[in-house]
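Engineer: Please read through the structure below; I'll follow up with questions.
The values are calculated or read from the model by the stated rules, or taken from the named source; none is laboratory data. Just so we're clear, the structure is a prediction, and the values are computed from it rather than from any experiment. Note that each Cβ is placed from the backbone with ideal geometry, even for glycine, and that neighbours are counted across all protein chains shown.
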Protein chains: 4
Amino acid sequence: MHSFQFRVRYQETDQMGVVYHANYFVWFEMGRAELFRRSGFRYLDLEEAGFLTPVIKVNCNYLKPAFYDDLLSVETQLDKLTPVRLEFSYQIKRETTLLATGETVHAIIDNNGKPQNLKKKAPELWSQLQQV
Amino acid sequence: MHSFQFRVRYQETDQMGVVYHANYFVWFEMGRAELFRRSGFRYLDLEEAGFLTPVIKVNCNYLKPAFYDDLLSVETQLDKLTPVRLEFSYQIKRETTLLATGETVHAIIDNNGKPQNLKKKAPELWSQLQQV
Amino acid sequence: MHSFQFRVRYQETDQMGVVYHANYFVWFEMGRAELFRRSGFRYLDLEEAGFLTPVIKVNCNYLKPAFYDDLLSVETQLDKLTPVRLEFSYQIKRETTLLATGETVHAIIDNNGKPQNLKKKAPELWSQLQQV
Amino acid sequence: MHSFQFRVRYQETDQMGVVYHANYFVWFEMGRAELFRRSGFRYLDLEEAGFLTPVIKVNCNYLKPAFYDDLLSVETQLDKLTPVRLEFSYQIKRETTLLATGETVHAIIDNNGKPQNLKKKAPELWSQLQQV
């Protein structure tokens, strides 16, 4: 479980005075990027090696609102890794208060949209991912 | 089931060359607004009467990518209506091709965040919502 | 001067209860796309022919706020066209009320970031652009 | 001149493979918030005291593109402070490379949209702002 801190932007609020719900998925995306980075490689390395990981399924549960200027953390975990799929789960917290939980599922494809077996096509990246 | 057409904005794409996944929830929001409008009132009427409907749960399945300048439609359905909760489901289509499906669940609260029984507090709005 | 109508999304508001200022540039982008479309071609045609038109300079003046669910129009005009540059100006209106004015300047480059002379490299697109 | 570091989000890119231009204004907003914070108060303090500072004029010059995962900094300066107006300028940099420059002008109003003289209405906040 990796934790990354960030601050809520004014742009992320809506007229209800809280963060607009779709933005949590942008925070999850930051969580994935930082989880990879702390594991010694970058999500960008996957793309530069010709692999894309489009989102194929997401969900989020909103427990308490997030507000402008809040200092939040996203805790990210790689739940499942197969040669053709990645599954992550997330918690958004204000200090120890849980604000939201969510999950994202990603396919592994090449630049033409074809499913890729990362284990076979890029064994080095594959073994790095297994240490995340 | 109500259908509303819109065009994909350049801003909605990402460097994968497709629409960034979080934007589908913005399209769902448009779908809700237009579903209400075609039923003879506005989502805004709820807010002006002192009711907010924050999202408490969402999910989305991405079947095929959406591209810049695509003319898409969001089909929106009110699946469940209780005095304290609203549940919607959505389909995003390019002509007859299904690109994504999703669901959102909303609480009904007042400006102080207190759950509200819409049926008791605003019987007129409640009966309008039942005809959606 | 070409006019295109659209409705303000909830996502575009912020906690001030008005549209967040950066979104006007997204509306300008829609204005450009629709100006091209009404002139018989698509901005996408430029990209598919290998030309990109990145923004190199923008400004906006905000006269009156825009609100959620407002039905607005963006009026777009191609002010200047040279073989290497495009300049547009915009007005955002609620019915006849002027809410904002702005300008964007675009370079014409290829996929490698090299400036392109559209008149020489794509005379057909160039002559289409002159009729915008 | 205050400098604040941040990383480019995937959501901020577009299909040109660079950051979409409107996002620079979101970065400027972060720059303002952090400039205030380092000066010992929060932008939020202004709002909580009943003052809003809507943007009335902006511009930006884009010199070089910003890319996904770039570690950038926004350097923010309060250029002008009158009892009814705030003017800021910004530089976006990748290490020492200047990517963009911009300016924003803000009115000072109350929750009803009425212009406010901050010096008279909130002398304490006014004197804090003068030390930014």
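Engineer: Looking only at segment B:56-71, filter to residues that are within 7 Å of another protein chain (Cβ to nearest Cβ) and farther than 12 Å from B:ILE92 by Cα; which one of those is surrounded by the most Cβ atoms within 10 Å (Cβ to Cβ)?
Structural biologist: Only one residue fits best here, namely B:VAL58.
Engineer: Here's a check for you: in segment A:94-105, which residue that is outside any loop (DSSP other than H, G, I, E, B) and without any contact (Cβ under 8 Å) to a residue 40 or more places away in the chain is surrounded by the fewest Cβ atoms within 10 Å (Cβ to Cβ)? Working first, answer last.
Structural biologist: Initially, segment A:94-105 is screened for residues outside any loop (DSSP other than H, G, I, E, B), giving A:94, A:97-105.
Imposing the further condition that a residue be without any contact (Cβ under 8 Å) to a residue 40 or more places away in the chain reduces the set to A:94, A:97-99.
Numbers: A:ARG94: 16, A:THR97: 10, A:LEU98: 13, A:LEU99: 20.
The residue in question is A:THR97.
Engineer: Out of segment D:9-33, which residues are free of Cβ contacts under 8 Å to residues at least 40 places away in the same chain and either more than 10 Å from chain C (Cβ to nearest Cβ) or within 30 Å of D:ASP45 (Cβ to Cβ) (or both)?
Structural biologist: Those that are free of Cβ contacts under 8 Å to residues at least 40 places away in the same chain and either more than 10 Å from chain C (Cβ to nearest Cβ) or within 30 Å of D:ASP45 (Cβ to Cβ) (or both): D:GLN11, D:ALA22, D:ASN23, D:VAL26, D:GLU29, D:ALA33.
Engineer: Follow-up. How about segment C:73-92: which of its residues are crowded, with 21+ Cβ neighbours inside 10 Å and closer than 30 Å to B:LEU46 by Cα?
Structural biologist: Keep residues of segment C:73-92 that are crowded, with 21+ Cβ neighbours inside 10 Å, which gives C:74, C:76, C:86, C:88, C:90, C:92.
Selection gives C:VAL74, C:ILE92.
Engineer: Further question on the same structure: Taking only segment B:1-55 into account, find how many residues are buried (at least 20 other Cβ atoms within 10 Å of the Cβ), in contact with a His (Cβ under 7 Å, 6 or more places away or on another chain) and basic (Lys, Arg).
Structural biologist: Number satisfying all stated conditions: 0.
Engineer: Taking D:GLN5, is it outside any helix (DSSP H, G or I), of a type in the set (S, T, N, Q) and facing chain C (nearest Cβ under 9 Å)?
Structural biologist: No, not satisfied.
Engineer: Go over the candidates B:GLU87, B:GLU103, B:GLU95, B:GLU75 one by one and state the one that is at positive phi and acidic (Asp, Glu). Step through it out loud before you land on a result.
Structural biologist: Details: B:GLU87 fails: at positive phi; B:GLU103 fails: at positive phi; B:GLU75 fails: at positive phi.
Answer to the check: B:GLU95.
Engineer: Mind checking which residues of segment D:25-43 are touching a Lys or Arg at 6+ places or on another chain (Cβ under 7 Å), hydrophobic (A, V, I, L, M, F, W, C) and modelled with pLDDT of 95 or more? If you could, list the steps in order and put the result at the bottom.
Structural biologist: From segment D:25-43, those touching a Lys or Arg at 6+ places or on another chain (Cβ under 7 Å) are D:26, D:29-30, D:36, D:43; that's our starting set.
Filter once more, so that each one left must be hydrophobic (A, V, I, L, M, F, W, C): D:26, D:30, D:36.
Hits for segment D:25-43 are D:VAL26, D:MET30.
Engineer: Out of the residues in segment D:34-55 meeting the condition of being part of a loop (DSSP other than H, G, I, E, B) and within 20 Å of D:ASN117 (Cβ to Cβ), tell me which one is farthest from the other protein chains (Cβ to nearest Cβ).
Structural biologist: D:ALA49
Engineer: Of all residues in segment A:25-62, count the ones that are among the small types (Gly, Ala, Ser) and touching a helix residue (DSSP H, G or I) at 6+ places or on another chain (Cβ under 8 Å). Talk me through it step by step, then tell me what you get.
Structural biologist: Taking segment A:25-62 as the starting set, the residues that turn out to be among the small types (Gly, Ala, Ser) are A:31, A:33, A:39-40, A:49-50.
Next, from what is left, pick out any that are touching a helix residue (DSSP H, G or I) at 6+ places or on another chain (Cβ under 8 Å): A:33, A:39-40, A:49.
Selection size over segment A:25-62: 4.
Engineer: Assess whether B:ILE108 counts as being surrounded by 17 or more Cβ atoms within 10 Å (Cβ to Cβ) and in contact (Cβ under 8 Å) with a residue 60 or more places away in the chain.
Structural biologist: Numbers: surrounded by 17 or more Cβ atoms within 10 Å (Cβ to Cβ): yes; in contact (Cβ under 8 Å) with a residue 60 or more places away in the chain: no.
For B:ILE108, the condition - surrounded by 17 or more Cβ atoms within 10 Å (Cβ to Cβ) and in contact (Cβ under 8 Å) with a residue 60 or more places away in the chain - is not met.
Engineer: Here's something else I'd like to know. Are any of the residues in segment D:73-81 over 17 Å from A:ARG7 (Cα atoms), away from chain C (no Cβ under 11 Å), assigned to a strand (DSSP E or B) and of a type in the set (A, V, I, L, M, F, W, C)? Before you say what the answer is, go through the steps one by one.
Structural biologist: Restricting attention to segment D:73-81, the residues satisfying the condition of being over 17 Å from A:ARG7 (Cα atoms) are D:75-81.
Now restrict to residues that are away from chain C (no Cβ under 11 Å): D:75-81.
Keeping just the survivors that are assigned to a strand (DSSP E or B) gives D:75-81.
In the following step, the residues that additionally are of a type in the set (A, V, I, L, M, F, W, C) were identified as D:78, D:81.
Yes: one or more hits.
One line per residue, one yes/no per condition, for (1) within 11 Å of the chain's Cα centre (by Cα); (2) charged (D, E, K, R); (3) at pLDDT 95 or above:
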| residue | (1), (2), (3) |
| --- | --- |
| D:ASP14 | no, yes, yes |
| D:ALA22 | no, no, yes |
| D:GLU47 | no, yes, no |
| D:LYS57 | no, yes, yes |
| D:ASP70 | no, yes, yes |
| D:PHE88 | yes, no, yes |
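Engineer: Quick one: count up the residues across segment D:34-55 that are among the charged types (D, E, K, R) and in contact (Cβ under 8 Å) with a residue 24 or more places away in the chain. Step through it out loud before you land on a result.
Structural biologist: Of all residues in segment D:34-55, those among the charged types (D, E, K, R) come to D:34, D:37-38, D:42, D:45, D:47-48.
If we keep only those that are in contact (Cβ under 8 Å) with a residue 24 or more places away in the chain as well, we get D:34, D:38, D:45.
Qualifying residue count, segment D:34-55: 3.
Engineer: Among (1) among the aliphatic types (A, V, I, L, M); (2) under 30 Å from A:VAL18 (Cα atoms); (3) within 14 Å of chain B (Cβ to nearest Cβ), which single condition is A:ILE109 missing?
Structural biologist: (2)
Engineer: Out of (1) over 30 Å from C:GLU47 (Cβ atoms); (2) within 11 Å of the chain's Cα centre (by Cα), the odd one out for B:GLY102 is which?
Structural biologist: (1)
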